[in-house]
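J.: Have a look at this one before I ask anything.
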Amino acid sequence: MSIGFSFTGKVKKPETLIAAAKKLAEERSYGFYLGENGLNISLCPLDGRVYIAWKKESGLFGQYTVEGECRSTPAGPGLHKAAVEAVDGLGIQKLEVADETEYYQHRDFGRMLREHFHPWLKTMVDVLTGQFGEDHTNVCMCWDLNSYMPENVPGTVVTPVGRFSARWMRETVENQGIEALAERFFLWYHPGKRDALYDRQVALNLLWELCYYAPSSRHKEDASINGTICDNLEMAATLDRNIPLPRKAYEEICQLACRTPALPEGPELTEEFEPGYRKGLVTCSIGSLRFTIPGSYRYEREQWDENSGCDLWCDDAAMSPIWRVNGYQKREGSAAFTPTLDGDNDLTEFEIENGAVRYGWRELPQENGQPLWQVRAEVITGPSLFVITVTHLEPEERPGIVELVRKITVQTQDVKKQTIQADK
């Protein structure tokens with residue numbers, strides 16, 4: 001269930017469309033990404049993109065058929081308006097737009113809110129508090145299921161802009177109206193590109209979903225995220241001194257970024273939960289494997305040679321344990337444990353749903369005079385074998401690593417968590 005629009009049309013040649021899209025993106029400070037047979041214009045976070053593809057028609061003088069779409073939820077009605085206006089400016093011939101909100105036809109922003117975005121959000125709340133009740137496990141609303149999964153907090157809803165209790169969402173709608181919840185939920189709620197609410201929501205999305213709460217000196221990704229959070233909150237305060245902002249979180253990020261706080265006095269955004277899914281544990285996935293690690297760990301692909309490597313997670317700034325994961329699959333039959341771990345200490349095996357886990361530990365040869373230890377695990381499920389190593393500096397870290405290893409699960413079917421994917 002989502003809100004959006006699609007369109008078709010024609011162009012004489014893709015180069016004309018590419019030039020128009022690039023010019024529009026530059027003028028409106030949008031992102032522009034070009035592929036072999038298509039492009040996309042990035043208007044805002046949360047997949048706020050207009051996707052466009054083209055295909056040459058048959059015949060010597062055939063034109064190019066253009067197809068495109070934009071999904072407006074969860075980013076919001078501001079995105080929908082801006083995306084429609086972006087398509088207007090591309091010069092596509094014989095343009096036909098299928099807009100379920102009919103905004104493309106009537107251009108009445110208030111009507112679009114009342115007839116589509118507010119009812120959409122109200123339906124989501126009704127489902128959450130009706131079908132699942134208020135004591136459910138984690139429910140994900142508009143969450144990218146290819147991303148990590150935040151820690152489970154019973155009775156709460158995970159969204160890209162924050163964790164809310166189902167009760168709070170219901171009571172907000174009942175006591176303040178759907179507009180109050182919409183302002184807190186949608187990233188781009190008002191018409192126009194940049195107002196205080198938009199800047200605050202962008203910062204909240206970063207604080208909740210993407211920020212590692214690590215020093216900017218750790219990696220350029222941390223520096224970019226931390227800096228963008230501060231920039232957006234400072235801009236929000238400049239545009240509206242009375243808008244509630246997550247000032248405590250802002251000061252924390254300023255410290256991580258070695259940046260002097262510059263917010264003028266104003267109200268604090270006080271909520272049930274403090275920002276930061278990555279302040280806790282997160283569950284990552286590779287294929288059917290699900291494993292839990294600290295949210296501060298960054299991912300990178302470690303390449304050993306041209307044909308092999310592994311997926312790696314660690315926190316360089318904290319000299320954390322280093323998790324490495326590889327997956328293998330048999331062409332026929334079921335996977336089995338290998339003899340690799342046979343000589344490990346405290347070798348342990350246990351069953352999990354749809355599979356089994358075997359793990360142990362060993363001391364590694366010293367590296368530059370530094371003793372190293374390693375917890376090793378194998379996970380089998382159907383034809384798949386996953387190999388996990390966790391290398392660490394202190395033996396005292398082993399119990400915590402083993403505790404995480406024992407949280408490993410596998411999932412051979414669709415996600416079983418109670419999930420509302422409002423972008424389907």
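J.: So, in nm, how far is label Asp108 from label Thr340 when the simple model puts each one 7 Å beyond its Cα toward the Cβ?
T.: 6.4
J.: Note down, for segment 243-311, the three equivalent ellipsoid semi-axes (square root of 5 times each alpha carbon gyration tensor eigenvalue), biggest first, whole angstrom.
T.: Numbers: eigenvalues 266, 58, 12 Å².
For segment 243-311, the ellipsoid semi-axes come out as 36, 17, 8 Å.
J.: So, one more: What nm distance separates the two modelled labels at Lys330 and Glu394, each placed 7 Å from Cα along Cα→Cβ?
T.: In this crude spin-label approximation the distance works out to 4.1 nm.
J.: What list of ³J(HN,Hα) couplings, whole Hz, do you get for segment 340-356 from phi and the Karplus terms 6.51, -1.76, 1.60, once you set θ to phi - 60° and write x for glycine and proline?
T.: 4, 8, 4, x, 6, 6, 6, 4, 10, 10, 8, 8, 10, 4, 6, x, 8
J.: Still on this structure, please answer the following. Between the alpha-carbon centers of segment 1-80 and segment 163-195, tell me the distance in whole angstrom.
T.: A separation of 29 Å, based on Cα centres.
J.: Could you work out the mean projected area of the convex hull around the alpha carbons of segment 1-154, in square nanometres to one decimal?
T.: Dividing the Cα hull surface by four gives the mean projection, 11.2 nm².
J.: Alpha carbons only, please: Rg and Dmax for segment 1-92, in angstrom.
T.: 13.1, 43
J.: Which value at 222 nm does the chain reach when only helices count, each DSSP H run of 4 or more adding -39,500 (n - 2.57), with the total divided by all residues and rounded to the nearest 500 deg cm²/dmol? Don't skip to the end; give the middle numbers.
T.: Values: 11 runs with 115 residues, N = 424.
That calculation yields -8000 deg cm²/dmol at 222 nm.
J.: Using a probe radius of 1.4 Å on heavy atoms only, what accessible surface per residue do you get for the chain? Whole Å² is fine. Mind showing how you got there, number by number?
T.: Numbers: 20550 Å² over 424 residues.
The answer is 48 Å² per residue.
J.: Could you pull out which residues in segment 347-369 have an amide N less than 19 Å from a spot 7 Å beyond the Cα of Lys407, following the Cα-Cβ vector?
T.: Taking a point 7 Å out along Cα→Cβ of Lys407, the residues of segment 347-369 whose backbone N falls under 19 Å are 350-353, 356-360.
J.: Would you mind checking the radius of gyration and Dmax of segment 79-212 based on alpha-carbon positions, in Å?
T.: For segment 79-212, the Cα-based Rg and Dmax read 16.8, 52 Å.
J.: For Lys55 and Ala180 in the same chain, what is the full-extension length gain: residue separation times 0.36 nm, less their Cα-Cα distance, in nm?
T.: Working: separation 125, 0.36 × 125 = 45.00 nm, distance 4.38 nm.
Difference between extended and current length: 40.6 nm.
J.: Next up: Can you check how the C-alpha radius of gyration of segment 71-115 compares to 2.2 N^0.38 Å, as a plain ratio? Please list the in-between numbers first.
T.: Details: Rg = 10.6 Å, N = 45, 2.2 N^0.38 = 9.3 Å.
Relative to the 2.2 N^0.38 Å estimate, segment 71-115 comes out at 1.14.
J.: If DNA, RNA and ligands are ignored and the probe is 1.4 Å, what is the ranking of Tyr212, Tyr64, Tyr33, Tyr51 by accessible area, most exposed first?
T.: Values: Tyr212 20, Tyr64 50, Tyr33 110, Tyr51 85 Å².
The ranking, largest first, comes out as Tyr33, Tyr51, Tyr64, Tyr212.
J.: State the volume of the convex hull built on the alpha-carbon positions of segment 155-223, expressed per residue in Å³ and rounded to an integer. The partial results should precede the final answer.
T.: On the way: hull volume 6.5 nm³, N = 69.
Once divided by residue count, the hull of segment 155-223 is 94 Å³.
J.: Given a 1.4 Å probe and every protein chain left where it sits, what share in percent of the accessible area of segment 222-338 is carbon and sulfur? Before the final figure, lay out each step's value.
T.: Details: 3020 of 6300 Å².
The computed percentage sits at 48.
J.: How big, in percent, is the set of alpha carbon pairs in segment 275-316 lying more than 16 Å apart?
T.: Values: 394 of 861 pairs.
Counting pairs separated by more than 16 Å, the tail of P(r) holds 46 percent.
J.: Kindly express, to the nearest 10 degrees and within the range 0 to 90, the angle between helix 77-88's C-alpha long axis and the longest C-alpha principal axis of the chain.
T.: The angle comes out near 60 degrees.
J.: Sort 101-107, 272-278 by packing, meaning the average of other beta carbons within 10 Å per residue, with the highest value first. Before the final figure, lay out the partial values.
T.: Working: 101-107: 16.6, 272-278: 19.1.
Listed from highest to lowest mean packing, they are 272-278, 101-107.
J.: Related question: With a 1.4 Å probe and all protein chains left in place, how much of the accessible area of segment 112-210 comes from carbon and sulfur atoms, in whole percent?
T.: About 47 percent, which is the carbon plus sulfur part of the accessible surface.
J.: For the pair Arg362/Thr270, report the inter-label distance in nm, with labels modelled 7 Å from Cα in the Cβ direction.
T.: 5.7
J.: When the distances between all Cα atoms of segment 173-320 are binned every 10 Å from zero, what whole-number percent does each bin get?
T.: Binned Cα distances yield the sequence 10, 34, 30, 18, 7, 1.
J.: Cα-based Rg (one decimal) and Dmax (whole number) for the chain, in Å?
T.: Over the chain's Cα set, Rg and Dmax evaluate to 24.6, 73 Å.
J.: Now a separate question. Give the Debye-formula value of log10 I(q)/I(0) at each listed q (0.14, 0.19, 0.29 Å⁻¹), with one equal scatterer per alpha carbon of segment 233-279, two decimals each.
T.: -0.35, -0.63, -1.15
J.: If you bin every alpha carbon distance in segment 272-424 into 5 Å steps from zero, what whole percent lands in each bin?
T.: With 5 Å bins starting at 0, P(r) equals 2, 8, 16, 20, 21, 16, 10, 5, 2, 1, 0.
J.: Within the set of other residues whose C-beta is less than 10 Å from the C-beta of Trp188, count the net charge using Lys and Arg as +1 and Asp and Glu as -1. Display every interim value, and only then the final one.
T.: Values: positive: Lys81, Lys193, Arg194; negative: Asp195.
After counting each charged neighbour, the total is +2.
The values are calculated or read from the model by the stated rules, or taken from the named source; none is laboratory data. Every value quoted in this text rests on a predicted model; they were computed, and no experiment measured them. Heads up, the Cβs are rebuilt from the backbone with ideal geometry, glycines too, and the neighbour counts pull from every protein chain shown. Surface accessibility is based on the protein's heavy atoms, side chains included, excluding ligands, DNA and RNA. Shrake-Rupley method; radii C 1.70, N 1.55, O 1.52, S 1.80 Å.
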